[in-house]
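Reviewing the structure listed below.
The values are calculated or read from the model by the stated rules, or taken from the named source; none is laboratory data. What you are looking at is a predicted structure, and each value in this text was computed from that prediction instead of being measured. Note: ideal-geometry Cβ built from the backbone for every residue, glycine included; neighbour counts use all protein chains shown. In case anyone asks, the SASA skips ligands and DNA or RNA and just uses the protein heavy atoms, side chains included. Shrake-Rupley method; radii C 1.70, N 1.55, O 1.52, S 1.80 Å.
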Amino acid sequence: MTVEPAQSTALIADESAVAADPASHRVLTGDRPTGPLHLGHYFGTLRNRVRLQSLGVDTYLVVADYQVITDRQSPGEIAANVSEVVLDNLAVGMDSERTTIFPHSQIRALNQLMLPFLSLVSVAELQRNPTVKEEAEAAGISSISGLLLTYPVHQAADILFCHGTLVPVGDDQLPHVEQTRLIARRFNDRYAGGRQVFTEPQALLSPAPRLLGVDGRKMSKSRNNAIEIRATEDVTARLIRRAVTDADRRITYDPDSRPGVSSLLMMAALVTERSPHEVADDIGSRGASALKAHVTEVVNEHLRPIRRRRAELAADPGIVPAVLHAGAEKATADAEQTLQHVHDALGMKY
Ligand code: TRP
């Protein structure tokens, strides 16, 4: 058995330490471009990353295009989906002047980090990753590809090429952040004589609880149960109208026994910055249809300026390519420097 040296930081970052010294951090976060982003992404991570950006933390946003082919047969409409994800991010307030936005496929030096990083993890560790297992199950995959098994190592390259210190994510991504920390630590120990070539990043968990889709299951594009940021007000209304609730006309917040009603209450609470109990008290005994009408109204109202901005951005087809090219140029410079340090540590200088 190998003994890992003591960890310098905890896996999960302390929010208050970030606010106290934003300049000492670098945020790296990412999205898998399988389609437009929805309210689950919005409350789970987008709002949080916009907040970090506005605190003045140097921010990187990877559009993880290679991850699309981890659990599906073909890349699908990849360029269109990348564009949707970039538009969603810009519409909610990510600013390409302050944040480096790039697709990881375009950063060759980042991808080359995969080779030395793969040498630092065992097959058994890769096979134990619970998120990879869940993804394989959800996609109905019985034979796991080499990329599905190893993409957490590729994700470590996303985080470490730019020396990200904070990774705002949902808890499903914690195994990947833990894997990244191990890779950083092992690289320093095994290849750099203990020198801190890489810093162990920390996860920053979103304060918002997970929302359910309108069918009562996890909100997900592939289940067709998600309210997309870009959806029209009519489509939003229709989706909320068909949300699964229950027959009790008295509306109460009780996520365990009333998951559907409680998720709707939480949605309204998040956009109005109230507690779900308060929202429930307002609706009282007027039943699920009154609750749905309220949720529709406040969600559409909250998203209206975001959707307006998104439509303006989408009207200029030059914006997304310009953002991605500028981001790729900056990310490439960082990745090349990091790869150089890796080659130096390994003695690969000829
Ligand atoms: N795996 C993440 C997801 O499915 C996307 C992602 C790719 C990511 N690279 C990342 C997230 C690096 C955080 C850091 O949403």
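Taking the 0 to 90 degree range and rounding to the nearest ten, how far is the long axis of helix 287-314 tilted relative to the main principal axis of the chain, both from C-alpha atoms?
50
With charges set only on the Cβ (+1 for Lys and Arg, -1 for Asp and Glu), what does the dipole of region 233-314 come to about its Cα centre, in debye to the nearest 20?
The calculation lands at about 380 debye.
Treating the angle as unsigned and between 0 and 90°, give the value, to the nearest 10°, between the Cα long axis of helix 146-160 and the longest Cα principal axis of the chain.
Result, in degrees: 80.
Label 7 Å along Cα→Cβ of Thr131; region 56-86 residues with amide nitrogen under 18 Å?
Answer for region 56-86: 60-72.
Straight-line reach only, C-alpha to C-alpha below 29 angstrom: list the lysines that Lys292 could link to, leaving out same-chain residues fewer than 8 apart.
Lys218, Lys221
Taking all protein chains together and a probe of 1.4 Å, list Arg258, Arg195 from the most accessible to the least accessible.
My answer, sorted largest first, is Arg195, Arg258.
Go ahead and estimate [θ] at 222 nm for the chain from helices alone: -39,500 (n - 2.57) per DSSP H run with n ≥ 4, summed, over the residue count, rounded to 500.
-15000 deg cm²/dmol
To the nearest 20 debye, what is the magnitude of the charge dipole of region 1-128 about its Cα centre, counting +1 on the Cβ of each Lys and Arg and -1 on the Cβ of each Asp and Glu?
That gives region 1-128 a dipole magnitude of about 100 debye.
So for the chain, averaging the separation of alpha carbon pairs under 8 Å that are six or more residues apart and normalising by length, what relative contact order in percent results?
That works out to 22 percent.
Through the Karplus equation 6.51 cos²θ - 1.76 cosθ + 1.60, θ set to phi - 60°, convert the phi angles of region 269-275 into ³J(HN,Hα) values in whole Hz; use x for Gly and Pro.
After applying 6.51 cos²θ - 1.76 cosθ + 1.60, I find 4, 5, 7, 9, 6, 10, 8 Hz.
Rounded to the nearest percent, how much of the accessible area of the chain (1.4 Å probe, protein heavy atoms only) is carbon and sulfur?
Here it works out to 52 percent.
So how strong a dipole does the chain carry about its Cα centre when Lys and Arg Cβ are +1 and Asp and Glu Cβ are -1, to the nearest 20 debye?
That gives a dipole near 400 debye.
Given R₀ = 30 Å, FRET efficiency for Ala19-Asp95 by Cβ-Cβ distance, to 0.05?
Computed FRET efficiency for Ala19 and Asp95 comes out at 0.95.
Calculate how steeply helix 78-92 sits against the longest principal axis of the alpha-carbon atoms of the chain, using the helix alpha-carbon long axis, and give the answer as 0 to 90 degrees to the nearest 10.
So the inclination is approximately 70 degrees.
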